Amino acid sequence: MSTLEKTEKEQAAPATIQQLSGSQAVLEALIHEGVDTIFGYPGGAIMPIYDALYDYNDKLTHILVRHEQGGIHAAQGYARTSGRVGVAFATSGPGATNLVTGLADAMIDSNPIVCITGQVFASLLGTDAFQETDVINITTPVTKWNYQVTDATEIPSVLAKAFYIASTGRPGPVLIDITKNAQLQLFDYHGYEFCNHIRSYRPKPIVRNEYVEQAAQLINEAKKPFVIFGQGIILGKAEQEFKTFIEKGGFPAATTVMGLSALETDHPQHVGMLGMHGNYAPNVMTNECDVLIAIGMRFDDRVTGRLDKYAKQAKVVHLDIDPAEIDKNVKATVPVWGDCKETLPLLTDLIKRVDHSKWLQQFRELEKEEIKEVIYDELNPTSEVLTMGEVINVLNELTGGNAVIVTDVGQHQMVTCRYAKFNSSNSNVTSGGLGTMGFGLPAAIGAWYGAPKRDVVAIIGDGGIQMTIQELGTIMQFGAKVKILILNNEFLGMVRQWQQLFHDKRYSFVNITSPDFVAVAKGYYIDGNKISERKDLRDALKTMLDHDGSYLLEVMVGKENNVFPMVAQGTSVSEIRLK
Amino acid sequence: MEKQEYTITLYTENSIGMIGRISGIFSRRKINIESLNTSPSEVEGIHRFTILITESEEVVRKLCRQIEKQVEVLKAYFNTNDELIWQEQALYKVPAHVIAEKAYVERLLRQYGANVVVIRNDYIVFETAGHREEIDRLTEELGKYNLIEFVRGARIAIIKESAGFHSKLIQFEKTEPSQEIVENEFLDQQDNVFTM
């Protein structure tokens with residue numbers, strides 16, 4: 001057909017406007033936003049969307065989870081390994097309320113998530129209709145933004161706004177509640193338009209050069225500069241910019257739990273992890289440095305310990321994208337607002353190349369103390385019972401530090417964060433801020449869909465696995481090749497540790513019994529094994545990693561081992577105890 | 001830092017649920033809202049919140065940053081009383097016979113600049129506007145003379161230094177981030193910083 005003919009034809013045909021249902025518009029929006037995987041669970045009020053999904057099966061993969069909490073944690077895991085927006089579907093009422101824990105988790109850990117919930121017909125709102133809950137009000141404090149759609153014509157623009165808000169600035173979860181009538185309603189669809197500006201929303205504060213200059217001046221005058229970094233580096237996709245920055249300045253750098261894997265563990269300037277169960281050197285040196293350079297982290301109380309004794313000697317340079325984080329917990333001497341992907345190169349240009357190897361060496365000296373007092377015994381125990389640390393250590397050797405490590409919450413989490421080796425970013429998936437037990441298994445499923453070519457190892461305690469064990473069913477049905485490593489100490493170990501140390505060993509309801517996990521896995525047609533002896537450890541882990549498919553390995557570890565070092569609550573980071 | 005009265009002025013989108021969204025930020029931190037007024041602003045489509053709390057400056061500053069984080073909030077300001085012109089309104093329902101029989105009450109109402117809103121056989125409704133203390137004093141006095149009903153409105157306030165929101169809104173409607181989105185006192189304190 002010639003160009004002329006084509007033009008004539010186009011002119012002849014009146015512009016056809018497509019009629020779509022609200023449900024179809026939702027799915028069209030997801031496709032335009034590049035979504036390929038949805039984690040969800042159907043129900044009455046979201047049935048029109050599921051009906052439309054039936055026809056979109058070739059474009060959108062839907063993973064049917066076993067509980068909506070599992071769905072949103074999976075979406076979080078997906079977001080963390082893929083760096084993209086995770087999507088979860090749930091129905092109204094209980095479906096939506098089951099999302100709340102995950103929303104709170106995603107909010108505090110800044111995960112980009114879009115949740116779509118069904119809602120009763122708009123005409124029934126407020127009548128205590130079947131499966132009606134006030135989802136918008138319930139989720140307001142745990143979402144970055146939420147909105148109720150009662151008219152289908154709003155759907156394209158609201159979904160575009162949802163993805164824009166979830167993924168820009170400091171990311172966070174967004175919930176869109178869509179009444180059933182809006183899902184069913186047919187309307188004239190004019191195509192999908194991406195959102196890139198909302199007048200009342202400023203995702204990125206403008207970078208102000210005067211602050212960058214003053215930060216550089218402060219850093220250049222420092223004798224003992226110390227960098228502490230968080231997830232902001234990963235969220236800003238600024239790993240390379242960060243590395244260039246610390247290498248030029250010669251700074252020792254320590255990570256928060258959420259910042260793990262932003263800088264490879266073996267980097268010569270990586271001095272370990274901060275916080276309550278972090279490493280000895282970075283905690284002690286926080287109160288020794290003269291300039292503390294905090295990047296993409298929010299001074300959580302688990303990182304700072306007692307605030308009035310936190311880095312009081314130091315000038316603080318704080319780089320963050322969220323203005324509300326500046327001065328929230330620790331007063332910044334110089335705040336550098338902005339996306340660290342932009343601010344770090346500006347700062348790198350202005351700082352001097354300095355040799356801080358003597359200062360770095362002081363960290364290494366303290367590290368030796370920690371190795372002597374804690375690490376050596378954890379990794380080379382003299383008793384027969386296995387320690388969590390040695391399991392992680394052997395796992396490191398087998399994966400080479402290339403696996404995605406997902407953890408649940410508790411002792412195993414802290415031990416894993418302390419000992420796991422990371423070679424590349426987006427490899428650490430854990431519930432940092434909220435500390436959600438039960439996060440691990442579903443997050444690992446999502447993490448695998450976010451990075452299906454990578455090894456995904458979920459390290460979970462005997463308590464946490466029992467909170468969301470139903471998600472084994474999701475693995476069974478859809479085949480996520482998640483390796484599940486249960487570290488079983490037959491206790492709710494972290495609570496037991498506190499009861500031992502701070503409550504005179506009055507063990508109150510921390511003694512938890514477990515089913516035969518391997519048998520449970522077998523029940524879900526997932527292979528598994530259980531070991532308790534050191535001689536079997538390496539082979540068992542290797543079998544788990546080599547298995548083509550999901551695999552559950554239960555390792556019995558010391559019952560009353562404690563995680564050390566520890567900054568006890570209400571004490572200063574420099575008062576960190578080694579035993 | 002000492003607690004004192006702060007008036008928070010918010011410019012927001014006029015969307016459903018804004019009061020809940022905003023008040024949640026206060027209640028989460030167990031901060032009592034003493035008065036809250038919502039109204040249109042000088043700019044069409046932009047809503048104005050006036051919120052009165054008694055807190056320290058540090059708490060109020062942090063609160064305002066958290067409020068500004070809300071997607072629908074354009075800007076949050078906080079001011080002490082001396083930076084504002086503010087008023088509260090009150091309505092009083094007084095028995096008609098009291099006014100007729102007690103010259104003192106009539107004098108009192110004149111003295112406080114109260115205006116008659118409604119006159120009925122059985123009662124008269126007066127209106128007055130002013131600062132909290134004045135209203136409280138009048139209420140106390142009228143209380144001695146069978147005051148039937150009393151209600152006081154939320155504080156509304158005009159910021160003395162403000163040039164209104166029109167020019168700000170133009171800034172907000174531009175797609176690039178605004179210079180002024182966060183202010184910091186650091187720039188004025190450079191001398192104290194570089195003394196290490």
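What single numbered condition from (1) polar (S, T, N, Q); (2) in contact with a Gly (Cβ under 7 Å, 6 or more places away or on another chain); (3) not in a helix (DSSP H, G or I) fails to hold for A:Asn529? Checking A:Asn529 against (1) polar (S, T, N, Q); (2) in contact with a Gly (Cβ under 7 Å, 6 or more places away or on another chain); (3) not in a helix (DSSP H, G or I), the one that fails is (2). With a requirement of 3 or more residues that are touching a Lys or Arg at 6+ places or on another chain (Cβ under 8 Å) and either among the basic types (Lys, Arg) or surrounded by fewer than 24 Cβ atoms within 10 Å (Cβ to Cβ) (or both), the helices (runs of 4 or more DSSP H) lying completely within the stretch A:367-434 that satisfy it span A:388-399.
Residues checked against (1) modelled with pLDDT of 95 or more; (2) in contact with a Phe, Trp or Tyr (Cβ under 7 Å, 6 or more places away or on another chain); (3) not assigned by TED's automatic domain parsing to the domain that holds B:Asn79:
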site: B:Thr9; (1), (2), (3): yes, yes, no
site: B:Phe26; (1), (2), (3): yes, no, no
site: B:Ile51; (1), (2), (3): yes, no, no
site: B:Glu55; (1), (2), (3): yes, yes, no
site: B:Glu58; (1), (2), (3): no, no, no
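Tallying residues that are crowded, with 24+ Cβ neighbours inside 10 Å, part of a helix (DSSP H, G or I) and within 14 Å of chain B (Cβ to nearest Cβ) within the stretch A:326-347 yields 1.
Can you tell me how many residues in the stretch A:184-219 are farther than 21 Å from A:Glu33 by Cα, within 11 Å of chain B (Cβ to nearest Cβ) and of a type outside the set (Lys, Arg)? Summing the residues that are farther than 21 Å from A:Glu33 by Cα, within 11 Å of chain B (Cβ to nearest Cβ) and of a type outside the set (Lys, Arg) in the stretch A:184-219 gives 11. For the stretch B:1-22, the candidate set comprises residues that are among the polar types (S, T, N, Q) and surrounded by 14 or more Cβ atoms within 10 Å (Cβ to Cβ); within that set, the residue that is nearest to the other protein chains (Cβ to nearest Cβ) is B:Thr12.
In the stretch A:536-556, the residues that are within 18 Å of A:Asn488 (Cα to Cα) and touching a residue at least 12 places away in the same chain (Cβ under 8 Å) reach residues that are charged (D, E, K, R) and assigned to a strand (DSSP E or B) with C-beta atoms within less than 6 angstrom, at least six apart or across chains, in these pairs: A:Met544/A:Lys483; A:Tyr551/A:Lys483; A:Tyr551/A:Asp527; A:Glu554/A:Lys530. When A:His318 is tested against (1) crowded, with 24+ Cβ neighbours inside 10 Å; (2) touching a residue at least 60 places away in the same chain (Cβ under 8 Å); (3) of a type outside the set (D, E, K, R), just one condition goes unmet, and that condition is (2).
Out of A:Gln466, A:Gln470, A:Gln497, one residue alone is part of a helix (DSSP H, G or I) and closer than 28 Å to A:Ile371 by Cβ. It is A:Gln497. For the stretch A:351-408, residues that are on the phi > 0 side of the Ramachandran plot and modelled with pLDDT under 95 total 0. Tell me which residues, restricted to the stretch A:465-500, are surrounded by fewer than 22 Cβ atoms within 10 Å (Cβ to Cβ), closer than 30 Å to A:Thr61 by Cβ and in contact with a Lys or Arg (Cβ under 8 Å, 6 or more places away or on another chain). Scanning the stretch A:465-500 gives A:Gln470, A:Gly473. Can you find a residue that is within 14 Å of another protein chain (Cβ to nearest Cβ) and on the phi > 0 side of the Ramachandran plot anywhere in the stretch A:125-139? Checked the stretch A:125-139: at least one residue is within 14 Å of another protein chain (Cβ to nearest Cβ) and on the phi > 0 side of the Ramachandran plot.
If you go through the stretch A:351-366 and keep only what is surrounded by 15 or more Cβ atoms within 10 Å (Cβ to Cβ) and part of a helix (DSSP H, G or I), you end up with A:Trp359, A:Leu360, A:Gln362, A:Phe363, A:Leu366.
The set of residues in the stretch A:193-250 being touching a Lys or Arg at 6+ places or on another chain (Cβ under 8 Å) and of a type in the set (S, T, N, Q) consists of A:Asn220 alone. In this entry, A:Asp322 passes the filter for residues that are within 14 Å of chain B (Cβ to nearest Cβ), out of contact with any strand residue (DSSP E or B) (no Cβ under 8 Å at 6 or more places or on another chain) and over 16 Å from A:Phe251 (Cα atoms). For A:Pro171, the conditions (1) facing chain B (nearest Cβ under 9 Å); (2) touching a Pro at 6+ places or on another chain (Cβ under 6 Å) are fulfilled apart from (1).
Residues in the stretch A:31-45: is at least one in the same structural domain as A:Lys180 (by TED's automatic domain parsing), at pLDDT below 95 and polar (S, T, N, Q)? No, the stretch A:31-45 contains no residue that is in the same structural domain as A:Lys180 (by TED's automatic domain parsing), at pLDDT below 95 and polar (S, T, N, Q). Taking the stretch A:140-191 as the region of interest, the strands (runs of 3 or more DSSP E) fully inside it that hold 3 or more residues being within 27 Å of A:Gln19 (Cα to Cα), free of Cβ contacts under 8 Å to residues at least 60 places away in the same chain and not aliphatic (A, V, I, L, M) are A:145-149.
The values are calculated or read from the model by the stated rules, or taken from the named source; none is laboratory data. All figures in this text were calculated on a predicted structure; none of them were measured in a lab. Don't worry about glycine lacking a Cβ; one is built from the backbone with ideal geometry, like all the others, and counts go over all protein chains shown.
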